[in-house]
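Remarks on the structure that follows.
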Amino acid sequence: MTDPFVDIRPYRDGEVATVLSRLLDNPEFLGALATYRLGRLASLMPGLVRSFVRYRLAREVRGVSDVRSIQVIIERYMTRMIEGATGGFSVSGLEQLKPVRPYLYMSNHRDIAMDPAFTNYALHRGGYETARIAIGDNLLTKPWVSDLMRLNKSFIVRRSVNGPRELLAASKTLANYIQHSLLLEKSPVWIAQREGRAKDGIDRTEPVIIKMLSMSRDKSQRGFGEHIEGLGIVPVAVSYELDPCDAMKAKELFEKATKGSYEKAEQEDVASIAKGIAGEKGRVHVSFGTPLGGNLSTPDAVATEVDRQIITEYCLHPTNLYAYRRLYGGNALMSTKFYVEEGDYSEAAFDARIAAMPEAHRPFALGIYANAVVSKLALADRSPTPC
C-alpha cells in the first residue's frame, strides 16, 4: 500500500539506520556540527575537524536503530542544556491529563526549537509519550536539516507551495496526517498556535490553524465541536525568564514599525535556532491546560478558548514585571494580582540587558516581556494561578 504521508511524516524505526548513515556521509552537516561545537577552530582545519566530528558522532549513534534510541540521545543533550543555559525547569498541569490518551498539544510560540523541545521534555519526564512536532518547510533549508528533524519525530508543514489549489491540498494532507497520528497511530502531536513566533510577546491563536484541523472532519459523521473534542486539543504555555533572541526580535519589530517591512538575512532562522538553544534562558516553565470540549462551534471560538487558557496558565517571571513597570509605570502591588515565579535575574541585570540594545529598539524589547502582563490584565479573571 502507498503511504499518503511519506513526504511529510517523521521517519519510522526501519528508516533510522539509513538516514543516520546518510547524515554521517554529509560533509555540510558535519561542517555545521563542527562549527556549532568548536566555533572558529572548525574553520582552521575543516577536513580534519569534520573527520573528528564524524568519528565522535558515529560512536554516539552506534547501534541506534529506532526512534526511541534517538530520543534517548536527545534527552541527554536537553539535560545538559537545561543545566547550562537555564536557571531551572518546572512543569504544571500535566497531572490533569491521561497518560494513555494521545493529545494534540497546541502551544504558544516564542522559540523555534525550544518550545516543542521543552514540551516534549516535560512529557518524557512525566512518563507521557513525547509528541510528533509540526515544523514549517521554510526552516528546512537543507536536506540534512530535514533528515535531522524527521529523525526526532518532526513532520513537515508545507508552507512554500504555490497557488491556492496546491495550498488547499497541502493543508488537507496535513490535517489528515494529524488526525491519522492521533486516532489511528495513537501518537500525540505538538503544533504552534500560530504560524511564526509571537515576536512581540502577544500569544494569540490564528483561527486558520483551527480551520486547517477541521479539514479532516467527515461532515456526514461528526459535527465541528465533536471533531475538535475528538482531537483532544490541550493548550500549552511555555514561558522563559529571558528570551535569548530578544535583541534580534526587537530589531525586527523596530524596522517593521519604522520602515513597514523587515528583510531577513540569509540563514537568520538558523541563527535564531542556535541562539535559542545555546542562549541564556533563566527559569523556564511549561504549563499544560485542560482538553477542549465539544461545546465550541466555530474556529474563532476554539481560538478564543486556546488563548484564554494559554494566557491564564502562562507563568509570569519577575522580568515580565520589570518590563511592564518600565513601559507603563505600574507599582509593587502588581505582584499581588498574579502569581509570579521566583526568578534568577535581578532588576539591575535586566536593566543592563535592555540598555545594551540600541535606544530605539528598547521599547520593543521591553514589550516582548511586558505583553504577557498586558494580556493577563485584559482577561476578566485575574485570580493568581500558581505555576
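The values are calculated or read from the model by the stated rules, or taken from the named source; none is laboratory data. Because the structure is a prediction, the values reported are computed rather than measured. Here the Cβ is made from the backbone with ideal geometry for all residues, glycine too, and neighbour counts use every protein chain on show.
Tabulated data for the structure shown
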{"item": "Hits in the stretch 59-110 (condition: among the aromatic types (Phe, Trp, Tyr) and buried (at least 17 other Cβ atoms within 10 Å of the Cβ))", "result": "Phe89, Tyr103, Tyr105"}
{"item": "Scan of the stretch 128-154 for residues that are at pLDDT 95 or above and either farther than 27 Å from Arg22 by Cα or assigned to a loop (DSSP other than H, G, I, E, B) (or both), ordered by number", "result": "Tyr128, Glu129, Thr130, Ala131, Lys153"}
{"item": "Near pairs, Cβ below 9 angstrom, 6+ apart or cross-chain, from the stretch 22-50 (in contact (Cβ under 8 Å) with a residue 40 or more places away in the chain) to any residue that is among the aliphatic types (A, V, I, L, M) and exposed (fewer than 13 other Cβ atoms within 10 Å of the Cβ)", "result": "none"}
{"item": "Selection within the stretch 178-223 - part of a helix (DSSP H, G or I) and touching a Gly at 6+ places or on another chain (Cβ under 9 Å)", "result": "Gln179, Leu182, Leu183"}
{"item": "Residues satisfying the stated conditions in the stretch 13-62, i.e. assigned to a helix (DSSP H, G or I) and of a type in the set (S, T, N, Q)", "result": "Thr18, Ser21, Thr35, Ser43, Ser51"}
{"item": "Filter result (of a type in the set (Val, Ile, Thr) and within 16 Å of Leu213 (Cα to Cα)) within the stretch 287-307", "result": "Thr298, Val302, Thr304, Val306"}
{"item": "Residue ID - nearest to Thr130 (Cα to Cα), chosen from residues in the stretch 215-236 that are surrounded by fewer than 17 Cβ atoms within 10 Å (Cβ to Cβ) and of a type outside the set (Lys, Arg)", "result": "Gly230"}
{"item": "Cross-chain or 6+ apart pairs with Cβ under 9 Å, the stretch 92-112 first and under 28 Å from Pro244 (Cβ atoms) and outside the structural domain of Leu123 (by TED's automatic domain parsing), then hydrophobic (A, V, I, L, M, F, W, C) and assigned to a loop (DSSP other than H, G, I, E, B)", "result": "none"}
{"item": "Candidate set: the stretch 307-317, residues that are under 13 Å from His285 (Cβ atoms) and not β-branched (Val, Ile, Thr); chosen: the one nearest to the chain's Cα centre (by Cα)", "result": "Tyr314"}
{"item": "Among the candidates Thr385, Thr304, Thr290, residue that is part of a loop (DSSP other than H, G, I, E, B), within 23 Å of the chain's Cα centre (by Cα), within 27 Å of Leu231 (Cβ to Cβ) and at pLDDT 95 or above", "result": "Thr290"}
{"item": "Selection status of Ser65, in a helix (DSSP H, G or I), of a type in the set (Ser, Thr, Tyr) and more than 20 Å from the chain's Cα centre (by Cα)", "result": "no"}
{"item": "Options Ser239, Ser272: the member that is surrounded by 17 or more Cβ atoms within 10 Å (Cβ to Cβ) and outside any helix (DSSP H, G or I)", "result": "Ser239"}
{"item": "Selection status of Ser261, touching a His at 6+ places or on another chain (Cβ under 6 Å) and hydroxyl-bearing (Ser, Thr, Tyr)", "result": "no"}
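Here is a yes/no grid of residues against (1) buried (at least 16 other Cβ atoms within 10 Å of the Cβ); (2) farther than 21 Å from Val286 by Cβ; (3) hydroxyl-bearing (Ser, Thr, Tyr):
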{"residue": "Ser146", "(1), (2), (3)": "yes, yes, yes"}
{"residue": "Met149", "(1), (2), (3)": "yes, no, no"}
{"residue": "Val157", "(1), (2), (3)": "yes, yes, no"}
{"residue": "Lys172", "(1), (2), (3)": "no, yes, no"}
{"residue": "Tyr177", "(1), (2), (3)": "yes, yes, yes"}
{"residue": "Leu182", "(1), (2), (3)": "yes, no, no"}
{"residue": "Val189", "(1), (2), (3)": "yes, no, no"}
{"residue": "Gln193", "(1), (2), (3)": "yes, no, no"}
{"residue": "Ile210", "(1), (2), (3)": "yes, yes, no"}
